[in-house]
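The values are calculated or read from the model by the stated rules, or taken from the named source; none is laboratory data. Everything numeric in this text was worked out from a predicted model, so none of it was measured. So basically every Cβ, Gly included, is an ideal-geometry build from the backbone, and we count neighbours across all protein chains shown.
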Amino acid sequence: MIFRIRIILDVEADVLRDIEIEAKCTLKNLHEVITKSFGFLGNELASFYESDKDWKQGKELPLFSIDDNATMENEKLDQIFKGSQKRLIYVYDFLNMWTFYVELKESGEIISGVNYPNLIHSQGDVPENPPDKKFQTDGDLLFDDNQENEEDTNLDYDEDSFY
């Protein structure tokens, strides 16, 4: 079985790739296909994140893990894309935060004579520089740096006895 997957780069212009990949492949294989098809070297850290229909970021599936958590190498696509799970968010190069939306479009049978993974559609070019990302936390907490904290002003502090 193969999966037909659309990968959209989160930039102003339309930059996307449609690929076919065998369902038995791992997320690491998908990572390699994405980096190659978008022209990246593939030598930066990356992670996939499970996502819902509204593209809300869920559980991380990193390239490498320092503990026993799941990694790309041991997560097979046919186990990731099962049931209603059809979307992933992929982040490549955490310094530049190239972000991709990955969506399973359909599954099909392997076609004899076709080499997989197979790039079936390419649209747009990756911009030279990544877009600026603005991150917000849940609740969008606002802090006033000019507001004094009562606890800070009532400290019994003597600089001479500090050390």
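Only strands (runs of 3 or more DSSP E) wholly contained in the range 1-70 count here; list those with 3 or more residues that are more than 17 Å from Glu106 (Cα to Cα) and not charged (D, E, K, R).
On the way: elements: 2-9, 16-22, 46-51, 57-62.
Output list reads 46-51, 57-62.
Go through the range 41-62 and count every residue that is surrounded by 17 or more Cβ atoms within 10 Å (Cβ to Cβ) and among the hydrophobic types (A, V, I, L, M, F, W, C). Spell out how you get there, then give the answer.
First pass over the range 41-62, keeping only residues surrounded by 17 or more Cβ atoms within 10 Å (Cβ to Cβ): 46-49, 51, 61-62.
Subsequent filtering for residues that are among the hydrophobic types (A, V, I, L, M, F, W, C) retains 46, 48, 61.
Number of matching residues: 3.
Within the range 105-116, is there a residue that is among the β-branched types (Val, Ile, Thr), outside any helix (DSSP H, G or I), surrounded by 18 or more Cβ atoms within 10 Å (Cβ to Cβ) and at pLDDT 95 or above? Step through it out loud before you land on a result.
Residues of the range 105-116 among the β-branched types (Val, Ile, Thr): 110-111, 114.
Subset that is outside any helix (DSSP H, G or I): 110-111, 114.
Add one more test, that the residue is surrounded by 18 or more Cβ atoms within 10 Å (Cβ to Cβ), and what stays is none.
No, because not a single residue in the range 105-116 is among the β-branched types (Val, Ile, Thr), outside any helix (DSSP H, G or I), surrounded by 18 or more Cβ atoms within 10 Å (Cβ to Cβ) and at pLDDT 95 or above.
Which count do you get for residues in the range 9-32 that are within 19 Å of Glu60 (Cα to Cα) and not charged (D, E, K, R)?
Initially, the range 9-32 is screened for residues within 19 Å of Glu60 (Cα to Cα), giving 9-10, 25-32.
If we keep only those that are not charged (D, E, K, R) too, we end up with 9, 25-27, 29-31.
Total meeting the criteria: 7.
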Exercise. Out of curiosity, is Lys59 out of contact with any helix residue (DSSP H, G or I) (no Cβ under 8 Å at 6 or more places or on another chain), farther than 25 Å from Pro127 by Cβ and basic (Lys, Arg)?
Worked result: yes
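For the structure I just gave you, tell me whether Leu88 is under 16 Å from Cys25 (Cβ atoms), modelled with pLDDT of 95 or more and touching a Lys or Arg at 6+ places or on another chain (Cβ under 6 Å).
Working: under 16 Å from Cys25 (Cβ atoms): yes; modelled with pLDDT of 95 or more: yes; touching a Lys or Arg at 6+ places or on another chain (Cβ under 6 Å): no.
The answer is no for Leu88.
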Seminar exercise, completed: Listed by first then second residue, the pairs whose first member lies in the range 61-85 and is among the acidic types (Asp, Glu), whose partner is part of a helix (DSSP H, G or I), with beta carbons under 9 Å and at least 6 positions apart or on separate chains, are Glu73/Leu27; Glu73/Lys28; Glu75/Leu27; Glu75/Lys28
For this session: Of the conditions (1) surrounded by 15 or more Cβ atoms within 10 Å (Cβ to Cβ); (2) touching a Gly at 6+ places or on another chain (Cβ under 9 Å), Asp125 clears all except one; give me its number.
Result: (1)
For this session: Given the conditions (1) exposed (fewer than 14 other Cβ atoms within 10 Å of the Cβ); (2) under 22 Å from Glu20 (Cβ atoms), report the number of the one that Glu32 does not fulfil.
Result: (1)
Seminar exercise, completed: Exception for Met1 within (1) among the aliphatic types (A, V, I, L, M); (2) modelled with pLDDT of 95 or more; (3) under 25 Å from Asn129 (Cβ atoms); (4) out of contact with any Leu (no Cβ under 8 Å at 6 or more places or on another chain) falls at (3)
Seminar exercise, completed: Scanning the range 71-104 for residues that are surrounded by 12 or more Cβ atoms within 10 Å (Cβ to Cβ), assigned to a loop (DSSP other than H, G, I, E, B) and of a type in the set (Ser, Thr, Tyr) gives Thr71
For this session: Keeping to the range 53-68, report how many residues are modelled with pLDDT of 85 or more and either aliphatic (A, V, I, L, M) or under 13 Å from the mean Cα position of the chain (by Cα) (or both).
Result: 9
